[in-house]
Amino acid sequence: MKQLKNTLISSMIVLATAGAYSTANAKQLITNADVIEQMNQTKQQAQQDLIAEKLKATFAKTTFTNLEPSIMDGLWQAEISNQVVYFNPDQELIFFGEIYDKNGLSLSEQTRLKWQAKRTAKLDVSSALVIGNGPIEIIEFTDPDCPFCQRFSEWADTKNAQYQQANNGKDLFTRKVVMTPITSLHPNAHKEAVHVLCVAKDNQTNVDTHEALSQVLKGTISYADMLDCDEGKDRLKQHESISESFGISATPTLVIDGQVIQGFNQAKLDQIIRTKLNASQESAKQNQITGDK
């Protein structure tokens, strides 16, 4: 009996020792894995930095963002004005185009959407002009002297009016307007933008802001009647900083439902609005069914 007891105690000591060794060994393996992972990340970052320098040196007059390896070996992908381009560092070539998988899915489009989501998540438009109070938010980068910005604004006004008529005067859109005058194309756009921001500076109703924006877009206000104020100029600097950080190169640029749309693409906008309204109606039906049970 005493011998059996000693044997059991010895076995327990061996097991405890083995368990302690296994735990220590496992911790060491985890530590080693972390070190290897860090080394790989450092190596990848160093390679990416070299590629970025080469890309910048080869195409010095072009600004690239979001450089990363592409799905194809030897090619890197980067962004120019919301478009995906591919760079071959060995041959010093870039090309535009779409890469599709065997199922017809555009991998280039998936990359664009990924980058757009990353940008929009960081986008701070707290200083933007706000027009309306509807369920669909649109961030607008607008040049007040831009004809396509006028066409977009008229489209938004029409859609909003139609929705109001069917929904007891409720707005369809919450428009967050970032004034983005492109003075190289429209020399008077800066003055027009300042006027709109001066109208909004005293926290007047967004109807006044909306009217001021509509007037400059349609050209129904003379330059002699436009306001000029330091507050408007300072706020415009904030708007221009937002536009620059977001990489705006054309107006209108619209952010809606996490997507970035350059130019006035009415078909694309109509599709997004229909999808969101249908989803909202379906959700309301489901909530009603749940409530009736």
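Can you tell which of L55, L67 is part of a strand (DSSP E or B), within 24 Å of V260 (Cβ to Cβ) and out of contact with any Asp or Glu (no Cβ under 7 Å at 6 or more places or on another chain)?
Within the list L55, L67, the selection yields L67.
Yes or no: the range 202-212 includes at least one residue that is surrounded by fewer than 19 Cβ atoms within 10 Å (Cβ to Cβ) and at pLDDT 90 or above.
Yes, that holds for at least one residue.
Do you know which residues across the range 243-276 are assigned to a helix (DSSP H, G or I) and either among the acidic types (D, E) or farther than 20 Å from M179 by Cβ (or both)?
Residues of the range 243-276 assigned to a helix (DSSP H, G or I): 243-246, 266-276.
Within the range 243-276, E244, Q266, A267, K268, L269, D270, Q271, I272, I273, R274, T275, K276 qualify.
Being in contact with a strand residue (DSSP E or B) (Cβ under 8 Å, 6 or more places away or on another chain) and either at pLDDT below 95 or farther than 18 Å from H195 by Cβ (or both) is the filter here; which residues of the range 145-162 pass it?
Narrowing the range 145-162 to residues in contact with a strand residue (DSSP E or B) (Cβ under 8 Å, 6 or more places away or on another chain): 149, 152-153, 156, 159-160.
Matches in the range 145-162: F152, A156, K159, N160.
Within the range 110-131, track down each residue that is surrounded by 12 or more Cβ atoms within 10 Å (Cβ to Cβ) and hydroxyl-bearing (S, T, Y).
If the condition is that a residue be surrounded by 12 or more Cβ atoms within 10 Å (Cβ to Cβ) and hydroxyl-bearing (S, T, Y), then T111, T120, S127 are the ones that fit.
Could you grab me the full set of residues in the range 76-90 that are modelled with pLDDT under 90 and either surrounded by fewer than 10 Cβ atoms within 10 Å (Cβ to Cβ) or among the aliphatic types (A, V, I, L, M) (or both)?
I80, D90
All but one of (1) in contact with a Gly (Cβ under 6 Å, 6 or more places away or on another chain); (2) more than 19 Å from G132 (Cα to Cα) hold for E192; state the number of the condition that does not hold.
(1)
Collect the residues in the range 86-106 that are assigned to a strand (DSSP E or B) and closer than 13 Å to W76 by Cβ, keeping them in residue-number order.
Within the range 86-106, Y86, F87, N88, L93, I94, F95 meet the criteria.
Using the structure shown, decide if A193 is touching a Pro at 6+ places or on another chain (Cβ under 6 Å) and within 19 Å of I139 (Cα to Cα).
Against the criterion (touching a Pro at 6+ places or on another chain (Cβ under 6 Å) and within 19 Å of I139 (Cα to Cα)), A193 qualifies.
If H186 satisfies every condition in (1) surrounded by 15 or more Cβ atoms within 10 Å (Cβ to Cβ); (2) within 24 Å of D124 (Cβ to Cβ) but one, which is the exception?
If we test H186 against (1) surrounded by 15 or more Cβ atoms within 10 Å (Cβ to Cβ); (2) within 24 Å of D124 (Cβ to Cβ), just (2) comes out false.
For every residue, the table says whether it meets (1) over 21 Å from G132 (Cβ atoms); (2) surrounded by 21 or more Cβ atoms within 10 Å (Cβ to Cβ).
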position: F152; (1), (2): no, yes
position: W155; (1), (2): no, no
position: T174; (1), (2): no, no
position: A200; (1), (2): no, yes
position: S214; (1), (2): no, no
position: I221; (1), (2): yes, no
position: H239; (1), (2): no, yes
position: E244; (1), (2): yes, no
position: D257; (1), (2): no, no
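The values are calculated or read from the model by the stated rules, or taken from the named source; none is laboratory data. Every value quoted in this text rests on a predicted model; they were computed, and no experiment measured them. Virtual Cβ from ideal backbone geometry, glycine too; neighbours counted across all protein chains shown.
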